[in-house]
Amino acid sequence: EAAPSLQGLFKTPRGVMAMRFSSGIGELVARLEEPPALKVAVEILGFKHLDIEVTTPRIVIIRDAIAELLRAELGERFTPTAETSWCTFLNYTGGAFIYLRTKYAERLRILAKSWAQANHEELAEVDEEDEEQQADGAVEVGMRIPGNEAVGEASPKKLERKRKGWFGVKSSSGRGRGSAGSDMETGNGKGANTSVPKNFQDMFTFNSAVMGFGSRAWMKEVLASFEAIVTNVSNSHRFQEEIDVLALRLAKYAVKINPPEYKSVMLASLRSLVKDWGPKHEIAWTWLWETVERTLQSLMGKPALQKAALHRFLSGLGEKEYDVIRDQIYQTFFSQAPAGEDYFKQSTSRLHGKVDRLIAMTLEMYCEPDKMVVELS
């Protein structure tokens, strides 16, 4: 409220945002006496803000707003020393966000270019874009570098060449190259065992067999989602969605999942495909996988608990509760998007049926994530 210009940056509901905000601040405060742990926590939080332009004036506004809130709530207990300590802490966090955003921009460029090389995605076009856009401070190769939103909209060629989703790349024929049950299992036709792998998926499949990981079914699930993860790494919200869906898909495996195994095969495959591979590539791709691994590890075991809790909640709802939910959903939607009323002119029973289907889909997402992703897409 004190800074209307910043309200557009907070796109989630106020209650959810308040919970995330307090949880994030609380996690950092809890690690103040452990500098190494604090550094990791700040990096994780900074990564989630890559798609937001964090600037010094914005940091000052948020810092002063938090200090004002604490002053109003604590009164005399919020001493000058406490205020100075909080401002120092928030300045450190905000400064780290700015530094990480600049530091990660270079890594994102390396990831983008090397991923294109690993998949032979029109390298000449990539190199030309690299030279042109480095002058503007960003490179766009299937992903957006934060802070340069206006740079390099996708060309018609790229849009025709492929479209990315939760299940990797889909060709114009509609067959998913990134699907877990695709060419990786069938051998990709005649001569697949003798031909030299020329893209990341084929090279990964080859190396996983050579390194003794060919029987790891969970690796195929990660490989199926890896394209979408890589190309959306600079979009924190979409990146998180991809990891969430991957966690749901991995939850069905009873065997122990060992992420470092995927990392070793991934790096071996990339080293074979990227001609100018060097220390910077090693750092960038290791950083990416460690980020994916940390996020996955934080979700391991949760899908089963969340599914059970959601099932209990939905089973406990009566017809009256469902009626309230149906009405509230449309009231909230129409109040926030009045133009939407022009698209919902069906009967009340049909509108209620849509809500019932939406509620059912929340539970089905835990039971059949593959099917639901396709249906929602």
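The values are calculated or read from the model by the stated rules, or taken from the named source; none is laboratory data. As the structure is a prediction and not an experimental result, all values here were calculated from the model. Cβ placement follows ideal geometry from the backbone for every residue including glycine, while neighbour counts extend to all protein chains displayed. What goes into the accessible areas is simple: the full protein's heavy atoms, side chains included, and nothing from ligands, DNA or RNA. Shrake-Rupley method; radii C 1.70, N 1.55, O 1.52, S 1.80 Å.
Rounded to the nearest percent, how much of the accessible area of segment 272-317 (1.4 Å probe, protein heavy atoms only) is carbon and sulfur?
Heavy-atom surface of segment 272-317 belonging to carbon and sulfur, 1.4 Å probe: 61 percent.
For Val210 and Lys256, what does the FRET efficiency come to when R0 = 25 Å and r is the distance between their Cβ atoms, rounded to the nearest 0.05?
After rounding to 0.05, the efficiency reads 0.70.
Add +1 for every Lys or Arg and -1 for every Asp or Glu among the other residues with Cβ under 12 Å from the Cβ of Ala67, and state the total.
-2
Using a 1.4 Å probe, how large is the accessible area of Tyr92, given in Å² and rounded to the nearest 10?
Spelled out: Tyr92, probe radius 1.4 Å, area about 100 Å².
Could you state, as a whole-number percent, how many of the C-alpha pairs of segment 247-355 are farther apart than 25 Å?
Counting pairs separated by more than 25 Å, the tail of P(r) holds 57 percent.
Could you please put Lys103, Lys256 in sequence from largest to smallest accessible area, using a 1.4 Å probe?
Solvent-accessible surface, decreasing: Lys256, Lys103.
Please give the residues of segment 351-368, grouped as numeric ranges, whose backbone N is less than 15 Å from a label point set 7 Å along the Cα-to-Cβ vector of Ile329.
The answer is 351-365, whose backbone nitrogens lie closer than 15 Å to the label point.
Once you have a ≥ b ≥ c as the square roots of the Cα gyration tensor eigenvalues for segment 205-285, tell me rounded if a/c is under 1.5, and otherwise prolate or oblate according to whether a/b is larger than b/c.
oblate
Given Lys103/Lys280; Lys39/Lys103; Lys48/Lys275; Lys48/Lys371; Lys256/Lys371, which pairs have Cα atoms separated by over 19 Å?
Violating the 19 Å Cα-Cα cut-off are Lys48/Lys275; Lys48/Lys371; Lys256/Lys371.
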